[in-house]
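The values are calculated or read from the model by the stated rules, or taken from the named source; none is laboratory data. In this text the structure is predicted, and so the values were computed from the model without any measurement. Methodologically, a virtual Cβ is constructed for each residue, glycine included, from the backbone with ideal geometry; neighbour enumeration extends over all protein chains shown. These area figures cover heavy atoms from the full protein model, side chains too; ligands, DNA and RNA do not enter into them. Shrake-Rupley method; radii C 1.70, N 1.55, O 1.52, S 1.80 Å.
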Amino acid sequence: MYERLDALLNERGITAYRLAKDLGISQSSLSEWKRGNSIPKHERLVKIAAYFSVPVSYLSGRDNDDIKSEEDALILSRLLSTAGEKLDTPDWSDEQARLNLELFSTLTEDKKLEALRYLRYLVNLLESEE
């Protein structure tokens, strides 16, 4: 399990310390997982999977699907299309949203997907708090 987590950390440029801090997981727990002395509880796996926007089965090693799914690409395409339409509307009243969309449009495709995954993570956190 830790190999996939480690690969995600490296791919996304996130440290284990940052992950632990963001999710409220102790560094010692991560170390134990890395050494193979323990495995995370299901609720922690769900939090980690949501953080990276990957299926829990991917983290546990049961799913080899590409984590940049077609669904992400479709959502990103729709988002960019909508953003383009909104940016071309001169009377759009929400200036901050317009500026955010302009900023988003400057990202590379990989960074756009990463931003989308993070947004999903935040939405999942909000839903779990309700």
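Pull up the range 22-79, narrow it to residues that are surrounded by fewer than 14 Cβ atoms within 10 Å (Cβ to Cβ) and on the phi > 0 side of the Ramachandran plot, then point me to the one that is modelled with the highest pLDDT.
Restricting to residues being surrounded by fewer than 14 Cβ atoms within 10 Å (Cβ to Cβ) and on the phi > 0 side of the Ramachandran plot, the top hit is GLY24.
From the list TYR17, TYR2, exactly one residue is in contact (Cβ under 8 Å) with a residue 12 or more places away in the chain and at negative phi. Which is it?
Numbers: TYR17 fails: in contact (Cβ under 8 Å) with a residue 12 or more places away in the chain.
After applying the criteria, what remains is TYR2.
Identify all residues within the range 90-124 that are at pLDDT below 75 and open to solvent by less than 60 Å² (accessible area, probe 1.4 Å); write none if there are none.
Answer for the range 90-124, where residues must be at pLDDT below 75 and open to solvent by less than 60 Å² (accessible area, probe 1.4 Å): TRP92, ALA97, ARG98.
Between residues in the range 118-130 that are in contact (Cβ under 8 Å) with a residue 24 or more places away in the chain and residues that are of a type in the set (S, T, N, Q), which pairs lie under 6 Å by C-beta distance while being six or more apart or on different chains?
Partner pairs satisfying both residue conditions: ARG120/SER53.
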